[in-house]
Amino acid sequence: MGKSTMISRRKFGRDLMLAASVAASSFSAAGCLFSGNVFDSILTYIGVGLEAFASIVALVPGLGAATPIVALINAGFATLKAAVTEYEAAPGASKNTALAKIHEALVALQDNLATFVNNVPGAGSAIVNMIAIIVSTLAGFAAKLPLPTSLPASTLARFRRPVLLRGQVVIPMARSLKQFKHDFNRQLEMSGHPELDLR
């Protein structure tokens, strides 16, 4: 792991408590993520999340859809969509297994986005901020999802663990679709690229 992702246990504990506190207030203030239940909200978000990530890729010279980490993240969105679709179609006896797959997909996608930030040359502060908006929104979904039952405590803890971007804890955020686009477009415009705004 790169040096930039390391923080002390004491600082990690402080950041985690702060993240939990701010996240709780964010959820109460923002209400539902988009419209409908959290599963429908995830499906609504996936296309916009992919578009947002494509805008980020366009800002980094030498990257494209065939770049391994980019392909992995794009595939991660597809895996998340498939997991939610499977859950919604699953009979009651299979819901728990399908729910665990959604959590696994969210963890993997957030981890790969963190890898992108920490390892891709040319990922400056604007790109880090844009990735943080995507990750915090995904983390917001994860926090709203119920946890599967009958799984080891270590697995459940992994579903709820915070994500670090360059040593900073990402706070889960309950954004509406409109708020996500506003936050993301603001970063694009601040970086001088309004032509990539999400519509």
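Any read-out appearing in this document is the output of simple, stated calculations on the displayed coordinates, not a laboratory observation. What you see is a predicted model; the values in this text were computed from it and never measured. Here the Cβ positions follow ideal geometry from the backbone for every residue, glycine too, while neighbour counts run over all protein chains shown.
Sorted ascending by nearby beta carbons within 10 Å, beginning with the fewest, 176, 41, 125 become 125, 176, 41.
Ordered by the count of other Cβ atoms within 10 Å of each Cβ, fewest first, 182, 103 give 182, 103.
Filter 81/178; 101/178; 101/144; 101/181 down to the pairs with a C-alpha to C-alpha distance above 25 Å, please.
From the list (81/178; 101/178; 101/144; 101/181), the Cα-Cα distance tops 25 Å for 101/178; 101/181.
Sorted ascending by nearby beta carbons within 10 Å, beginning with the fewest, 45, 87 become 87, 45.
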